[in-house]
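Below: one structure, written as structure tokens.
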Amino acid sequence: VREGLVERASEGDEIAFGQLLDIDGDRCYAIAYRILRDAERAQDAVQQAFLLAWRELPRLRDASRFEVWLHRLVVNACYEEARRYRRWSANVRALPVDGPAGPDETVSVDERDALERAFQRLSPEHRTVVVLHHHAGVPLASIAEIAGVPLGTVKSRLHYATRILRDALAADRVDGRKVRPA
Amino acid sequence: MNEMRDPDVVFSAWLDEGPTELPSSTRRAIVTALPTTPQARRGRFAPGRFPMIPLARFAAIATVLVVALGAAIYILKPSASTVSSLPTSSPPQSTAASPQAPSPQSSESAALRTPSPLQGRAIDFPIAFTYALPADAGLVVDSHDPYADSYQFRHPSGADTYDRGVIVRAITGGRTDPCSAGATRLDLADADAFVAYFRTAPTVEVRNVTDISVDGYPAKQLTLHFLPPTAACPDVYLWADGGSITENAGRGDARITVFDVARHHIVVLAFGPPSFLPTADAFIASLHFEVPAPSASTP
């Protein structure tokens with residue numbers, strides 16, 4: 001079904017493209033939000049990615065690769081947003097989490113704060129690998145394709161990022177045992 | 001209690017928090033923008049792209065075969081021109097490009113027919129080209145290139161930072177308001193139109209406009225000098241494609257070379273200290289776009 005929609009959209013069918021947006025929009029937004037940790041910037045990134053997809057769709061030779069191609073556009077848009085964010089909004093704090101998938105009781109407030117701070121220190125490239133792997137469940141080989149880097153790079157980025165996040169959790173647990181002022 | 005839980009479980013649970021639905025306002029904005037967002041032309045070799053008229057189809061196929069044969073002879077010729085130092089099998093630049101060797105994305109990039117080691121990097125660049133990185137310049141292909149329509153050659157000055165570089169982009173036009181990231185696209189006919197457009201940006205001074213030639217294509221080269229940002233123009237978004245021009249070099253001077261190749265606007269942005277400009281010029285002089293010469297393609 002999707003391939004048919006891609007074919008129609010590549011021939012200028014806006015309704016078909018709208019249906020592709022219905023199919024892929026939520027997933028792309030969820031990925032973008034988790035890379036950028038900012039709802040508005042994630043919306044901007046998704047909008048840029050979909051409009052670029054619309055513009056460049058006629059050049060996509062294999063409709064079956066639309067999803068990977070679209071994810072790559074989303075990731076690229078996130079990189080661009082992140083770079084702009086770094087330059088102009090270095091002191092802006094990420095918006096609080098909201099939406100249907102609200103805070104999970106598995107995660108304590110302190111852990112959430114520690115993870116948030118550690119995640120913000122990761123580069124967009126590292127965050128992308130983490131989000132695609134842990135949240136979206138994308139195989140590493142496909143992540144390499146989406147991110148445009150070799151598989152080995154994906155693995156090393158995932159290893160590095162996971163270590164940073166585990167360290168942040170471990171440090172939080174040590175701190176958690178300390179007596180804190182009321 | 002915390003010590004008993006797997007950190008990966010905690011981390012995954014945290015990562016799954018947050019919104020999962022694209023807001024309807026964004027959805028509407030995308031759909032609303034479609035009618036005013038032109039689609040690119042289809043790839044000339046993509047399946048189903050030939051007209052249904054048998055004679056035209058035959059002529060198109062014959063043309064493709066002749067062009068392919070000519071290209072093969074040209075590429076395989078042992079004593080090629082200035083770009084012969086860039087053999088397709090093992091280019092000298094491969095050390096710069098090899099860390100990011102062509103990715104599995106090549107099914108798209110194959111349409112580019114780019115024999116350069118850049119193949120597989122940008123997915124939307126409309127014209128194949130080859131290049132030579134000046135010796136000792138320290139330029140490498142930016143492995144974090146976030147754009148799909150550009151190639152970036154930068155000099156690393158630290159972790160994830162660059163102090164100079166050259167960026168080759170395909171640009172579809174300017175913006176109706178170069179101070180706004182959300183402004184719509186402004187069609188620009190040629191290099192002269194780009195120069196006139198640059199002069200309309202409120203916080204930009206256009207300096208040293210000269211006529212040069214890039215790979216035989218007439219080009220305009222100039223310096224953009226950025227004045228301090230104002231409330232009305234906090235940043236400069238010259239291109240319809242991508243972000244602000246100051247992302248690369250801050251508000252330091254930027255040297256721009258703009259020209260058209262096969263009806264595509266190509267912009268080369270060089271940024272860095274003045275001493276870098278000769279290196280940038282050497283890079284620009286090495287560019288070779290793999291399309292028929294302008295005289296041959298002009299009707």
Next on the checklist: If residue A:158 satisfies all but one of (1) without any contact (Cβ under 8 Å) to a residue 12 or more places away in the chain; (2) more than 10 Å from every other protein chain (Cβ to nearest Cβ); (3) within 22 Å of residue A:81 (Cα to Cα), what's the number of the condition it fails?
Outcome noted: (1)
Checklist entry - Restricting attention to the stretch B:250-260, does a residue exist that is in a loop (DSSP other than H, G, I, E, B) and under 19 Å from residue B:190 (Cβ atoms)? => result no
Checklist entry - Filter the stretch A:24-41 for residues that are hydrophobic (A, V, I, L, M, F, W, C) and at the interface with another protein chain (Cβ under 8 Å from one of its Cβ atoms); which is surrounded by the most Cβ atoms within 10 Å (Cβ to Cβ)? => result A:28
Checklist outcome for this item: Residues in the stretch A:133-142 that are within 11 Å of another protein chain (Cβ to nearest Cβ) and assigned to a helix (DSSP H, G or I) total 5
Item to check | Residue that is at pLDDT below 90 and in contact with a Gly (Cβ under 8 Å, 6 or more places away or on another chain), where the choices are B:249, B:262, B:232 | outcome: B:249
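Take the conditions part of a loop (DSSP other than H, G, I, E, B), modelled with pLDDT under 80 and among the basic types (Lys, Arg) and apply them to residue B:154. Does it pass?
On the way: part of a loop (DSSP other than H, G, I, E, B): no; modelled with pLDDT under 80: yes; among the basic types (Lys, Arg): yes.
So residue B:154 does not fit the description; no.
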Checklist entry - How many residues are facing another protein chain (nearest Cβ under 10 Å) and either of a type outside the set (Gly, Ala, Ser) or assigned to a loop (DSSP other than H, G, I, E, B) (or both) if we restrict to the stretch A:114-126? => result 6
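Across the stretch A:49-82, what is the number of residues that are more than 14 Å from the chain's Cα centre (by Cα), more than 8 Å from chain B (Cβ to nearest Cβ) and buried (at least 23 other Cβ atoms within 10 Å of the Cβ)?
Adding up the residues that qualify gives 1.
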Checklist entry - List pairs: first in the stretch B:261-277 and part of a helix (DSSP H, G or I), second acidic (Asp, Glu) and modelled with pLDDT of 85 or more, Cβ under 9 Å, 6+ apart or cross-chain? => result B:274/B:253
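The values are calculated or read from the model by the stated rules, or taken from the named source; none is laboratory data. Being a predicted model, the structure only gives us computed values, none of them experimental. Because the Cβ atoms are built from the backbone with ideal geometry, glycine has one as well, and the counts that use them run over all protein chains shown.
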